[in-house]
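S.K.: One structure follows; several queries about it will come next.
The values are calculated or read from the model by the stated rules, or taken from the named source; none is laboratory data. The structure displayed is predicted, hence computed values, not measured ones. Using ideal geometry, Cβ is built from the backbone for each residue, glycine included, and neighbour counts are taken over all protein chains shown. Heavy atoms of the whole protein, side chains included, go into the accessibility calculation; ligands, DNA and RNA do not. Shrake-Rupley method; radii C 1.70, N 1.55, O 1.52, S 1.80 Å.
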Amino acid sequence: MACSVGKITIQTSGRFCVLSPDQKDITPKSKKAQGLLALLVTEKNYTRTRLALRERLWSDRPPDQGQVSLRQELSHIKRHFGTFSDVIVADR
């Protein structure tokens with residue numbers, strides 16, 4: 001399955017990859033970042049709560065630590081996407 005989110009395309013079937021409009025591979029290296037993006041694009045309206053993401057990806061950690069890890073991973077993805085960082089909208 002490939003999903004176009006604004007300016008980028010995210011492929012979730014086969015090898016996970018994120019492509020810019022000019023087909024440059026901008027896939028984050030971190031498996032957690034890839035999992036986070038996959039969870040977002042497979043949800044209706046591309047939206048999940050922070051609690052749902054934290055429980056799915058960091059259930060082995062205390063809630064406070066999981067929240068910090070989620071915040072760091074979102075920040076990492078936005079930095080990695082550079083000019084395409086606006087496809088990730090995170091609110092509190």
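S.K.: Within the stretch 40-60, how many residues are within 13 Å of the chain's Cα centre (by Cα), surrounded by 16 or more Cβ atoms within 10 Å (Cβ to Cβ) and farther than 12 Å from L74 by Cβ?
M.R.: Number satisfying all stated conditions: 2.
S.K.: Quick one: which residue in K29, K7 is free of Cβ contacts under 8 Å to residues at least 12 places away in the same chain and either open to solvent by 20 Å² or more (accessible area, probe 1.4 Å) or aromatic (F, W, Y) (or both)?
M.R.: Details: K7 fails: free of Cβ contacts under 8 Å to residues at least 12 places away in the same chain.
From the options K29, K7, the qualifying one is K29.
S.K.: Something else about it: Which of the numbered conditions does T83 fail, given that it passes all the others? Conditions: (1) assigned to a helix (DSSP H, G or I); (2) open to solvent by less than 60 Å² (accessible area, probe 1.4 Å).
M.R.: Every listed condition holds for T83 apart from (2).
S.K.: Something else: Taking the residues in the stretch 63-80 that are surrounded by 12 or more Cβ atoms within 10 Å (Cβ to Cβ) and among the basic types (K, R) as candidates, determine which candidate is nearest to the chain's Cα centre (by Cα).
M.R.: K78
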